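The values are calculated or read from the model by the stated rules, or taken from the named source; none is laboratory data. Given the structure is predicted, the values throughout are model-derived calculations rather than measurements. Positions of Cβ are generated from backbone atoms using ideal geometry, with glycine treated the same way; all protein chains shown enter the neighbour counts.
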């Protein structure tokens, strides 16, 4: 005698086996091109920064966003030695033309002139040769 419970269990097993496999969901990743120029960087996407000269800051972005090189309009005294900078922006991004202030020392203020996508190799080379 077959119980109702065994029939239901058998049907449930058949239903699970008969389902087609789920297709993997692939998120579209927009990987920037090396040399591409950005107008702004979303603050939430910045992982860390490293001043490699008094005019250049290397920016490591989160996830697949890669690396950027931010350059100031002119030399920014103390940027390399102090290593840190602050900024004030009403937006949620750091943009070309924004003013950064060097932390410590004389507190130089400098405008950002250019933000360029660079390769990981170039970023590591800039950091190593600072």
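Being within 22 Å of residue 130 (Cβ to Cβ) and at pLDDT below 95 narrows it down to one of 57, 34, so name that one.
Working: 57 fails: at pLDDT below 95.
Being within 22 Å of residue 130 (Cβ to Cβ) and at pLDDT below 95 holds for just one of 57, 34, which is 34.
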Requested in this report: Scan region 95-115 for residues that are within 14 Å of residue 77 (Cα to Cα) and not in a strand (DSSP E or B) and jot them down.
Outcome: 103, 104, 105, 106, 107, 108
Query raised in the report: Would you say residue 76 is part of a loop (DSSP other than H, G, I, E, B) and surrounded by 16 or more Cβ atoms within 10 Å (Cβ to Cβ)?
Result: yes
**Report entry** All positions within region 79-94 that are outside any helix (DSSP H, G or I) and under 18 Å from residue 130 (Cα atoms)
**Finding:** 83, 84, 85
Report summary line: Note on region 98-126: residues more than 21 Å from residue 31 (Cβ to Cβ) and under 20 Å from the mean Cα position of the chain (by Cα) are 98, 100, 112, 113
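Looking at 65, 98, can you tell me which residue is closer than 20 Å to residue 33 by Cα and without any contact (Cβ under 8 Å) to a residue 40 or more places away in the chain?
Numbers: 98 fails: closer than 20 Å to residue 33 by Cα.
The unique qualifying residue is 65.
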Query raised in the report: Among (1) touching a helix residue (DSSP H, G or I) at 6+ places or on another chain (Cβ under 6 Å); (2) exposed (fewer than 14 other Cβ atoms within 10 Å of the Cβ), where does residue 89 come up short?
Result: (1)
